[in-house]
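Below is one structure, written out as structure tokens; comments come after it.
The values are calculated or read from the model by the stated rules, or taken from the named source; none is laboratory data. Everything quoted here is computed from the prediction, not taken from an experiment. Positions of Cβ are backbone-derived with ideal geometry, glycine not excepted, and every protein chain shown enters the neighbour counts. What goes into the accessible areas is simple: the full protein's heavy atoms, side chains included, and nothing from ligands, DNA or RNA. Shrake-Rupley method; radii C 1.70, N 1.55, O 1.52, S 1.80 Å.
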There are 2 protein chains.
Amino acid sequence: MRVVCAPDKLRGSLDAAQAAAALAAGVRAAGGTAVEHPLADGGEGSRATVQAALGGTLAQVDTVDALGRPMTAPVGLLDGGDAVIEAAETIGWEALATAGPDVLRASSAGLAPPLLAAVERGARRIVVFLGGTATMDGGTGLLAALGAELLDEAGNRLRGCGADLARIHTIDLAPARRRLSGVELLAAADVASPLFGPEGAAHVFGPQKGADPETVGLLDDGLRRLAPLLPGAATAEGAGAAGGLGAALIALGAELVAGAGLIRQLTRFEERLLTADLCLTAEGKVDAGSDAGKTTRGVVDACAAATVPCVVLGGTLSPGADLLYGRGATAVLPIGPGPRDLDTALRQAAADLTRTAYAVCRLAGAGVAAHPTRG
Amino acid sequence: MRVVCAPDKLRGSLDAAQAAAALAAGVRAAGGTAVEHPLADGGEGSRATVQAALGGTLAQVDTVDALGRPMTAPVGLLDGGDAVIEAAETIGWEALATAGPDVLRASSAGLAPPLLAAVERGARRIVVFLGGTATMDGGTGLLAALGAELLDEAGNRLRGCGADLARIHTIDLAPARRRLSGVELLAAADVASPLFGPEGAAHVFGPQKGADPETVGLLDDGLRRLAPLLPGAATAEGAGAAGGLGAALIALGAELVAGAGLIRQLTRFEERLLTADLCLTAEGKVDAGSDAGKTTRGVVDACAAATVPCVVLGGTLSPGADLLYGRGATAVLPIGPGPRDLDTALRQAAADLTRTAYAVCRLAGAGVAAHPTRG
């Protein structure tokens with residue numbers, strides 16, 4: 001039995017490669033052949049997951065984090081001319097974790113040096129994984145850092161950050177576009193949120209980035225004001241990804257795609273299914289989330305299309321997880337051995353994945369359906 | 001796909017019939033044919049489980065609980081001449097729960113009226129399910145209530161209770177035996193504990209019946225003194241069941257058997273497996289317990305013998321649960337959807353069983369093993 005092990009990360013516990021290895025250990029213990037194929041949804045871990053599959057080299061680029069503090073960030077250079085950059089590896093959550101929430105001040109400017117480094121190194125296409133950033137600046141920090149001219153009504157130049165959104169009056173994108181000319185831009189979102197509005201970046205992701213209700217209102221107003229200045233971004237699905245960074249990239253000519261699908265495509269996941277008898281996927285919390293980037297949902301869909309049985313394992317199954325059956329999941333199962341607290345669950349996830357993968361493979365291979373009903 | 005649903009109770013949450021119904025709901029939702037076959041291990045719930053399968057009538061008998069308070073207790077009368085009595089339904093835990101722990105005073109005397117009622121109603125065989133009692137009197141209360149003469153060294157008559165054990169000098173069993181003559185006695189234990197010693201009734205079950213370490217020592221000494229007065233009981237496996245009630249029944253001529261096996265036999269479980277494609281069993285906490293009466297282990301063994309794939313579901317999987325694989329279990333899986341507290345788990349067990357049974361049946365029926373590896 002050949003089993004593709006294609007999990008996302010289990011947030012707070014295992015990255016996708018570790019999760020795949022844990023599943024594979026269970027598959028092998030059950031006598032199956034395991035194929036480790038870690039996945040991601042365009043959010044944190046996406047670049048590393050793609051490079052684990054495709055290799056390439058890594059350049060370290062001097063830049064700043066979301067609060068302007070010096071750091072180096074990785075740029076992945078794949079064979080064939082693609083560069084892969086993960087926003088969270090430059091302007092990610094961690095800046096907030098160590099500096100306290102300051103979402104109005106956070107800026108996406110730090111993403112400019114990695115992008116420019118990829119251009120300098122001859123990338124023909126740059127894939128930017130959105131998601132997991134500390135920012136809510138609509139990508140204005142990035143635009144300014146790339147040379148775009150952001151002016152307030154009085155003609156003062158703005159550097160671009162959440163607080164600046166309320167003041168931006170005009171943006172001249174031409175200088176930024178020039179610096180990226182000749183390069184194809186692909187932005188991969190892990191969410192489908194629009195730039196503003198009740199489902200937009202500020203309302204949906206502001207609170208987890210430290211914004212209180214008043215700040216959420218300010219940021220949403222600002223992103224709404226920004227929208228007409230970013231061609232193509234006003235209503236695009238995913239424009240609100242990474243605090244509106246998606247919108248800025250669209251304005252720079254990027255095609256915005258769902259991260260999960262792109263990563264399946266880049267890593268040739270569907271090819272793997274051609275020789276699979278079973279697919280195991282996993283994530284920390286399984287739900288039926290409408291997020292465009294959901295890895296699990298995409299795996300279920302791909303398996304359904306390929307008529308490969310697919311078992312979804314989760315640290316937590318939310319009530320909506322059962323909706324995955326409607327998309328063709330063969331089984332949706334939890335991994336935890338019983339009542340316990342979340343910390344314990346996070347610590348034991350690898351062993352739980354292995355144990356559950358073992359049970360699933362034994363059951364799948366038991367041949368229950370292989371003979372007609374005996375009665 | 002025909003699926004036998006054969007769980008034990010999930011203690012504190014569902015009785016075995018409720019658990020079987022919850023499993024069956026999942027099986028049917030997955031398109032399978034469910035056969036509900038609740039089981040028990042000789043402990044609490046055993047009489048009701050047997051009568052759910054075999055029917056018969058119920059007599060209500062006036063008696064007393066383990067602390068001497070008046071109550072009525074059920075005696076099951078099966079077609080064919082068997083009577084079924086559950087010790088826990090007369091002298092069970094509940095007496096302690098409402099009166100506070102008083103294990104030295106607790107007596108098995110209350111079991112005599114149900115036994116005698118079964119004899120009066122013409123039972124040719126009486127099955128007594130041990131386990132779950134509040135007593136630790138070595139069955140001396142029952143013996144005295146049946147007419148046996150228990151004397152201390154000075155010739156004073158004793159009524160029989162945990163505290164009396166230290167004083168019993170002689171027992172004349174003949175009057176008690178006479179009252180049960182012509183009736184076959186079968187005692188079904190849910191544990192394999194001997195009467196006394198480190199693995200005996202007092203040390204293993206005394207603490208959960210309210211005995212402090214000093215009382216445990218007193219009771220163990222008393223049961224050790226009692227052993228030579230109860231022919232056949234000194235070293236018998238299961239003699240320590242129900243606070244030593246097993247030993248007294250052996251002395252009265254009972255055959256002592258493992259409850260789980262007896263209940264499988266009485267309910268014709270093995271016949272059910274002949275037409276089964278899959279068996280689901282479940283219990284609250286799955287471990288590899290060496291208890292003779294373990295339902296789950298017996299189901300796994302029976303399925304292995306019948307070459308029916310068997311999936312064990314548990315509210316909690318203890319680390320030893322994996323040892324069931326060595327006995328032939330196809331899969332051992334948890335039912336809880338994620339980290340949570342025990343109370344929540346107990347409340348949601350039925351829905352969890354249904355959801356997991358559904359997933360298991362879909363996976364078992366997915367035909368993963370039905371075709372050769374595609375690669």
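Details
- For B:K9, the lysines whose Cα falls under 17 Å of its own Cα, not counting residues fewer than eight places away in the same chain, are B:K285, B:K294.
- By accessible area, using a 1.4 Å probe on protein heavy atoms only, segment A:275-341 has 54% of its surface on carbon and sulfur.
- Average partner coverage of A:322-333, which counts Cβ from other chains inside 10 Å: 4
- Among A:M1, A:M136, the order of accessible area from largest down is A:M1, A:M136, computed with a 1.4 Å probe on protein heavy atoms.
- Probe 1.4 Å, all protein chains present, accessible-area order of B:D102, A:D172, largest first: A:D172, B:D102
- DSSP beta bridges fully contained in segment B:46-260 are about 50 percent antiparallel.
- In this Cβ point-charge picture (+1 for Lys and Arg, -1 for Asp and Glu), segment A:20-107 has a dipole of about 180 debye about its Cα centre.
- For segment B:1-147: relative contact order, % (alpha-carbon pairs under 8 angstrom, 6 or more apart): 21
- Relative to the Cα centre, the charge distribution of chain B, modelled as +1 at Lys and Arg Cβ and -1 at Asp and Glu Cβ, gives a dipole magnitude of about 900 debye.
- Å² per residue, accessible surface of segment A:46-260 at 1.4 Å: 37
- Chain lengthening between A:T344 and A:Q265 when straightened (0.36 nm per residue, less Cα-Cα): 25.0 nm
- Cα gyration tensor shape of segment A:170-265, rounded if a/c is under 1.5, else prolate or oblate by comparing a/b with b/c: oblate
- Whole-angstrom gap from segment B:206-251 to segment B:5-73, using each part's C-alpha centre: 28
- Loss of accessible area when A meets B, both sides summed, Å² nearest 100, probe 1.4 Å: 3700
- Rounded, prolate or oblate (a/c below 1.5 giving rounded, otherwise prolate when a/b exceeds b/c) for segment A:279-365 by Cα gyration tensor: oblate
- Taking amide H positions as modeled 1.01 Å from N, with prolines and chain starts lacking one, the residues under 5 Å from B:L278 and 5 or more places away or on another chain are B:R2, B:V4.
- In this view, the solvent-accessible surface of A:R225, computed with a 1.4 Å probe and all protein chains in place, comes to about 120 Å².
- Between the listed residues B:G200, B:A239, A:Y325, the Cα displaced farthest toward the positive end of the dipole of the protein assembly as shown, a dipole computed from Cβ unit charges relative to the Cα centre, is found at A:Y325.
- Global form of segment A:46-260, assessed from the alpha-carbon gyration tensor, a/c cut-off 1.5: prolate
- Residue-by-residue Karplus 3J(HN,Hα) for segment B:268-275, coefficients 6.51, -1.76, 1.60, Hz, glycine and proline x: 6, 5, 4, 5, 4, 5, 4, 10
- Accessible area ranking (1.4 Å probe, heavy atoms, ligands and nucleic acids excluded), largest first, for A:V311, B:V119: B:V119, A:V311.
- Carbon + sulfur, % of accessible area of segment A:46-260 - ligands and nucleic acids excluded, 1.4 Å: 51
- Relative contact order (percent, whole number), segment A:83-242, Cα cutoff 8 Å, 6+ residue spacing: 26
- Whole-number percent relative contact order across chain B, with pairs defined as alpha carbons under 8 Å at least 6 apart: 19
- Of all DSSP bridge pairs formed entirely within chain A, close to 35 percent run antiparallel.
- The charge dipole of segment A:46-260, taken about its Cα centre with unit charges on the Cβ atoms of Lys, Arg (+1), Asp and Glu (-1) only, comes to about 440 debye.
- Between A:T170 and A:E255, the modelled label-to-label distance comes to 3.3 nm, taking each label 7 Å out from Cα in the direction of the beta carbon.
- Computed [θ] at 222 nm, helices only, for chain B once each DSSP H run of length n ≥ 4 contributes -39500 (n - 2.57): -10000 deg cm²/dmol
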